[in-house]
Structure formats: C-alpha cells, structure tokens
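This report refers to the structure that appears directly beneath it.
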Amino acid sequence: MANISETSGVGQVVPAVAGQVSATLGAPVGGGPDGRRDDLDFSNAKPSKHSQDKIFHAVAVGCGALILVSLGAVVLFLLLRAWPIFAGPQAKTSAVFASLSGGKAHGFWQYVGPLVFGTVVIATLALAIAFFVAVGVALFITFYARKRIQTVLNYVVDLLAAIPSVIYGLWGALVLVPATYPFWNWVSVHLGWIPLFAGPAANPPRTVASAAVILAIMIMPIITSMTRDIFAATPRLNQEAALALGATKWEMIKLTALPFAKSGMVSASMLALGRALGETMAVMMVLSPGMTYSWHWLQASKSQTIAANIAAQYPEADSLGVSALIATGLVLFVITFVVNLLARRITRKGGAQ
Amino acid sequence: MHSTTCKRLIAVVSSFAMIAALSACGDNTPADTTGATKGKNSGISGEFHGAGASSQQGAVEAWIATYQNKNRNSKIAYNPSGSGAGVSTFLTGATAWAGTDAPLNDQQIEQSKAICKSGTAFDVPVYVSPIAVMFNLRGVSGQGKHLNMDATVIARIFDGKITEWNDEAIKAENPKVNLPATPITVVHRSDKSGTTNNFTSYLKAAAPNDWSYEPQENWPNDVGQAAKGTDGVVSSIGQADGTIGYADLAKAGNFGTASVKVGADYVEPAADAAAKTVNASPLRPMPKGSKRVVVNVDYATSVAGDYPIVSSSYAVACPAYKDPKTGAFVRDWLGYVLSDSGQKVAADNTGSAALGGALTQKALKSVGAIQGK
C-alpha cells in the first residue's frame, strides 16, 4: 500500500490499467461521471514494473471477464433449457401450454403475451407511484429536513431498502391488502367512469393496483437513497450562485439540483424498475393471477407477472412444462435487457447536456 | 512464548471441536440397542427419501415420526415439492418413492422402466381426504355451521352465475337461514393442483348441465380470485366478507362449510363419509402398467351418507429396485402406511379419511409383492 501511494505516477497508471482492461475485453469501460474520456492521456502510460500492478491488472481483467462469463452462462442455460419447447412437436407443446394456462393458451406467444403485459404494466405502475414520492423524500432529506430528522430519515430509508421482499409480501398480503378495500372501493365508486378504475373493486383487493402499491413501497427506498446521494452532491457553488441571484429555494432546486441529478434519477429508477420487473414473492403473495390483457386495475384475476408465474407453476410442472416456464424466463431476461439498454441511452444523453 | 500459548489455544479449541463432532456422530447413528430389540425390527436401516404431493405432507410427517419410532435405524425424509416434481425426481431414481395427486401417465410408466430393476412403477392410494366447500359470510358462517347446497348451486356459484348470497337458489335450500345481500367472491387455486382437479371432477360429474369445463388441475374460468396453495386460498377466504372457496376439510377452521346434497339428503363434509365414497368406487381400468390401484371416484354418488367431494392421493413405487435394501424398505414402509394403524395415525393428525376394506387389500397386495432383501 505504502509503496503505491509513494509512486508518483499513480494517477496515470490506474487509467492505463482501465484502458488495458477495456482493450482486452473489447468493450468500452464507462467514462467519468460526465461521460468525457478524452482527458485521459493514454500515450503517457507505460507498463508498470511493479509486481502489485501486474497482480492488480490480472485481478481486474479476471473480474471483468467473470461478468461476461456469468452473463453468457445464464443466456446459454436459458436457451438450452427452453429449447425443447420451441423444437418439440406442435401437438405436444400446445398440450403443455394448455395445461399450464388451464386451456386458455395453445402456443408460446399466446401464453407469454399476457404475462409480458402483466409484468410491464405492474412494474411501470409501481415505478410511476414510487418515483415522485421517492424524489420528494430525497429532496426533503437533502434540502429541507433539519439535521436530526435527516439522520433518522436516512437511517429509515436505508433500512427499508434492506428488508427482504418476502417480508413485504407477507405484510402486504396479510395486512395492507385487506385493509385497503374501503379505499379501492371508494376509488371504483367515484372514479369508476375512468376505465382503469372500473368497478366493482375486488374484495379482498388482491389486484394489479394492490400489487403495484406493494412493489412501489419496495422500490421507493432504492430510488430515494440514490437520488438523495446525488442531490447531496449538487455543487455548492451553483446552489449559492442561484440563491445570490435571488432565486427562491424551490427555484434553486429547479435550477441546480434537478438538472444536475437528472441522469442519476433516471438510472436510479431503472434500477428500481429492474427490481419491480423481477419481483417474485411479493407479487405471488398479493396478486390474484389471471391471463388477460385487461386494463381494469381494481378487478381481481386479470394479470400475472412472469416471475411470479414461474414460481407458482414450477413445482407441478413436468419436464416440458419446466422448459416452457424457462422460455418465459428468457422473455423476462430480454425485457430487463431492453430496459437497461434504454436506461443507458437516456443517462448518456442526460449526462452529455 | 507467544507461539506456545497459540498452540495451547489451538489444542483446546480442537479438542472441543472433537467432542462436539463425536457427540454429533452419536446423534446420527442411534446405536440404541434397546430400540433395536424393542418392537419387531424388520431389519430396515439406512436413509430413505421421498418427494411429491404437498397434500400428503402432514400425513407423511406423522407416518415418518411413528415409523422411525418402531424402526430406530431408519431415517426417512419427505420433500413436499409437489406432485409433478415428486414424480420427476422419482423417475430419475433419486427417491425411493413419490407422492402424487394424479395417477401416473403412460409416458411416466414407460420412463420408469429405466429406474426399476424389473417391471414398471405402480401407484396405490394412501391418503384420502374430504374437500370442503368453505365460506366466510358475516352472521352465517362459523365453525361447524353449514349451508345446504346441491351440485347445481355449487357449480353455478363457482361459474359466476350466482353472484349474491341471497340468491333464490341458495335461499330455497336454506329456508331457515337469514342470508344477506352480500356479493359472492369465489376463491380458487392459482397453481396446478390435485385439489382443483378433484373439485372440478365433482362439478363435472354431479352437475354436468351447469359445469361445462373438463376436469383439470388448473382452474378453468375467470370467475373470482386465485390464490397460491391451499393456505393461500384459506387466507384469502378469511380476508373478506362473502368469499367462498374449496380446500381440505382439515383447513376449514372457523369457516362455514357446505353440506352437499347426495341423493335426497344433505351430507356434511367428514372423513368417514369421504372414505365410504372412495371404498365404494370402482377401480379405474389402466391402459398401461400392472399392479396399479387407481380409484375412479364416483363423484356423482347418490348413496346416503357418502360425501362426494374427495381428493385421493397416491404413492408411487417400483415392483423391484436396483438396490434390494430400498425395495425392502419401500415394501415395509408402504405396508405400514396402508395398515389400519398407519391410516389411523394420518386421520388423527390431518383429519384425513382412514382407508380400509377391499381397496386397501388390493393396494397391500401390490405393495407386498415388492422385491427386496
């Protein structure tokens, strides 16, 4: 340790290693937080003679490769195990889907379609609910709360993020969901003219709306803790400049914190959306599943998510049935992949501004 | 100086570890001579595994406890992973027997050739339990309370055609009960389930004009709500007023149950009445495999006192195992399970129906012929 810090060229050696790693893997390593990389001068980088550097180099390359290998292994597993359902004889596979769906679906897309619909709707709804509350909490913690409240809230948010999903699921299914029936009933009576809230509200309300609320509670702390940290990193100089120009506190936040945190907020919500898309236990415990393309959020047995469906159907599935379920898992993998790709796009754009 | 303290410390720690390890050994191998001499020990020893239907779990646990008491040298484990998973595991040869709610299909019989030493696997009924139609209705339901319903009314409720508790059809059968105008919420299983299969079989057989779906393990219509597992159904019924669902009678707790019309009378769900139905039912002619005892439950029975909504669950075994020790164990174990005392243990612990009679004799004959050391 002491040796390295005494070396004068540390600042150049480390980027050089990063450059080598990226060159070895043939994939670009993300630049600085602002996306600019041209300030790194690689021409100066000389291969170090220190053995620590060589070891570190090897370890870093190994770690980078491990990520690719494990991702590849997952893809390979999904493809191989799902293959029989795509390659099998038509009559047999359609019987499998009929038995998995209670006779409602006879082909893969017929089966996975409503599941994809349910997964995306519930996760998006959860994100829509969680995002604004989470950003509100983060703004309150960073700019409005007094020191002591700040500490307590920080602690609570971090704790909420650490609670396992099965506990949220139990609490949601046994306490929250039955208790919210009067509210959902009120919504369906007064806002029932909006098709989304068409009644009658299910009792017990084990519906898409309830599942989205539970998921929103689960993903909120993730968004809050990340955006909180980003808000806290807003340059002090910018804030003071805004205030000096006569901006109110809200205007100051609007002018400095929000634009600064924009890409961070997006990537935090994408991380949260990823968790919502893949959440299994909580959805399985709260939601009464169904296989339809229904937009009626307050009625039961309308939608189901891919992850919860796999968990629910797996124990009673035979070998071809397991292949069918793994094929739906492959679709979930593709969905999360696309979501992450979009998030990358958005954050890169956001960062460039 | 320093290193000697270190060595001493290591010595102390390792001797503790040794003692712990030795005592753990003592727990694992019960060299209990009194236990071995007590009770007629059939020489069964070793570790044996089973897996399958979660419906049998309570009964199997009770059987294991009493069986191990008699055979101190045996160690048995049952993984309630579900019928499908249990049979698949059995067909890989990893378990000695499997529990399943659905009889084996032809393909599985064919596959079993690979793991049985000779012949093909067979299934025998080991666990029969009444399925109760249970409901939660303020002012009406409660432990031991019943509403009279015939198959038509039950089918129409579960198909969403009767939507309120004070429907004329329910009122007509229960003239003395004051039924409220609460909407009915049907609760059914969301996962594949033998219970659903039995329940829909009953509806199809007893009310063919009002139940148009084929019997199956997945719930066939979009009526009401779905919940995972028996416990999920029971807890959903408990969460709201006006719910109705189906589950093992043992789980009925404080809910009211339906007395089902059989012949001219209404029969309360009860283990004895369920056993009567199964014992009176004919055997299913099986296209493949020998020694199989599969009941064709007479859901549409009209014999007074029979309770028709019954789930029957099976044990799957080989007629001969590659390891003769396993064969000897399975013969002894399933023999115990099917015996009067075994069935009584299950009935006492889970509220299942104690089998007996000609059906069990047939099953015992199949089991007794398993080859073993």
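Values computed for the structure shown
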| read-out | value |
| --- | --- |
| Some residue of the stretch A:180-188 being in a loop (DSSP other than H, G, I, E, B) and either in contact (Cβ under 8 Å) with a residue 40 or more places away in the chain or over 23 Å from A:ILE306 (Cβ atoms) (or both) | yes |
| Qualifying residue in the stretch B:279-294 (condition: over 21 Å from B:GLN56 (Cβ atoms) and part of a strand (DSSP E or B)) | no |
| Candidates B:SER341, B:SER312, B:SER290, filtered to the one that is at pLDDT 90 or above and small (Gly, Ala, Ser) | B:SER341 |
| Qualifying residue in the stretch A:275-287 (condition: part of a helix (DSSP H, G or I), surrounded by fewer than 20 Cβ atoms within 10 Å (Cβ to Cβ), within 12 Å of chain B (Cβ to nearest Cβ) and of a type outside the set (D, E, K, R)) | yes |
| Of the criteria (1) out of contact with any helix residue (DSSP H, G or I) (no Cβ under 9 Å at 6 or more places or on another chain); (2) on the phi < 0 side of the Ramachandran plot; (3) open to solvent by less than 80 Å² (accessible area, probe 1.4 Å), which one A:ALA134 fails | (1) |
| Residues that are surrounded by 15 or more Cβ atoms within 10 Å (Cβ to Cβ), within 23 Å of the chain's Cα centre (by Cα) and free of Cβ contacts under 8 Å to residues at least 40 places away in the same chain, drawn from the stretch B:103-129 | B:GLN108 |
| Residue in the stretch B:197-219 that is nearest to B:SER55 (Cα to Cα), counting only those that are at pLDDT 90 or above and touching a strand residue (DSSP E or B) at 6+ places or on another chain (Cβ under 7 Å) | B:ASN198 |
| Condition met for B:ALA240 (open to solvent by less than 40 Å² (accessible area, probe 1.4 Å), within 8 Å of chain A (Cβ to nearest Cβ) and assigned to a loop (DSSP other than H, G, I, E, B)) | yes |
| Of all residues in the stretch A:297-335 being within 11 Å of another protein chain (Cβ to nearest Cβ), more than 25 Å from A:ALA126 (Cα to Cα) and not hydrophobic (A, V, I, L, M, F, W, C), the one that is most open to solvent (accessible area, probe 1.4 Å) | A:TYR314 |
| Any hit, the stretch B:346-365, residues being open to solvent by less than 10 Å² (accessible area, probe 1.4 Å), within 25 Å of B:THR95 (Cβ to Cβ) and hydroxyl-bearing (Ser, Thr, Tyr) | yes |
| Criterion violated by B:TRP97 - all others in (1) open to solvent by 50 Å² or more (accessible area, probe 1.4 Å); (2) modelled with pLDDT of 90 or more satisfied | (1) |
| Residue check, B:THR230 away from chain A (no Cβ under 12 Å), on the phi < 0 side of the Ramachandran plot and in contact with a strand residue (DSSP E or B) (Cβ under 8 Å, 6 or more places away or on another chain) | yes |
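The values are calculated or read from the model by the stated rules, or taken from the named source; none is laboratory data. Not measured: the values here are computed from a predicted model. Reconstructed Cβ throughout: ideal geometry from the backbone, glycine too, with neighbour counts over all protein chains shown. Surface accessibility is based on the protein's heavy atoms, side chains included, excluding ligands, DNA and RNA. Shrake-Rupley method; radii C 1.70, N 1.55, O 1.52, S 1.80 Å.
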